[in-house]
Amino acid sequence: MRHRELAVAGAYAFFPDVFADERGDFASPYQERAFAAATGRRLFPVAQASRSVSARGVVRGLHYTLVPPGTAKYVYCAAGRALDYVVDLRSGSPTFGRWESLELTPATGAAVYLPPGVGHAFAALEDGTAVCYMLSEEYRREHELALSVFDPELALRLPPGPPVLSDRDRRAPTLAEAAAQGLLPRYDG
């Protein structure tokens, strides 16, 4: 499994080998040994595994948590295609405000690791896009916060066309508004 560190400190992309034959293909998007070699630690204890299925044009995010100490995520795409965004929202981080996007597909098996305090969003590029998550904390709606994917300070490059967003994501504050309200996570180093 190949890996590379992303533009956000502590975030990584992983690229497993994909084995294809006349039946289809097989890949292991998460491999403990490769993760530990890249990050110097084991993956967090998984508290919850989740998946979402989205129509083309749906944008989910930009989501993050503050409590308990934030939620780490390991994310991959099981069906369709997703343009995934990893955004550093951690106050005091050397890469604060930076982001990187990459396409996740079942064909590549690519996955991303986001440490606590790093924001996550994705845009579904096809109908039936299924994104799977392993989370270090159980999801609690009251703990999850959102920032606007339209924030000009972040300048995320969304796919063309009008995005389909939830009401919460449509009303989400900008990075500056969240900072002024004390709603950004702290960088732990």
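The values are calculated or read from the model by the stated rules, or taken from the named source; none is laboratory data. This structure is a prediction, so every number in the text was calculated from the model and none was measured. We place every Cβ from the backbone using ideal geometry, glycine too, and count neighbours over all the protein chains shown.
Scan region 135-151 and tell me whether some residue there is part of a loop (DSSP other than H, G, I, E, B), of a type in the set (S, T, N, Q) and under 15 Å from Val118 (Cα atoms).
Keep residues of region 135-151 that are part of a loop (DSSP other than H, G, I, E, B), which gives 136-140, 147-151.
Applying the additional criterion that residues be of a type in the set (S, T, N, Q) yields 136, 148.
Restricting the remaining residues to those that are under 15 Å from Val118 (Cα atoms) gives 136, 148.
The answer is yes, given that some residue of region 135-151 is part of a loop (DSSP other than H, G, I, E, B), of a type in the set (S, T, N, Q) and under 15 Å from Val118 (Cα atoms).
The conditions are (1) outside any strand (DSSP E or B); (2) more than 20 Å from Glu100 (Cα to Cα); (3) at pLDDT 95 or above, and Phe35 fails exactly one of them. Which is it? In the conditions (1) outside any strand (DSSP E or B); (2) more than 20 Å from Glu100 (Cα to Cα); (3) at pLDDT 95 or above, Phe35 misses (2) alone. Kindly establish whether Glu126 is out of contact with any Leu (no Cβ under 8 Å at 6 or more places or on another chain), in contact (Cβ under 8 Å) with a residue 24 or more places away in the chain and assigned to a loop (DSSP other than H, G, I, E, B). Yes. In region 1-30, the qualifying residues are those that are among the aromatic types (Phe, Trp, Tyr) and assigned to a strand (DSSP E or B), and the one that is nearest to Ala111 (Cα to Cα) is Phe14. Of the residues making up region 38-51, those that are of a type in the set (Lys, Arg) and not in a strand (DSSP E or B) are Arg41, Arg42.
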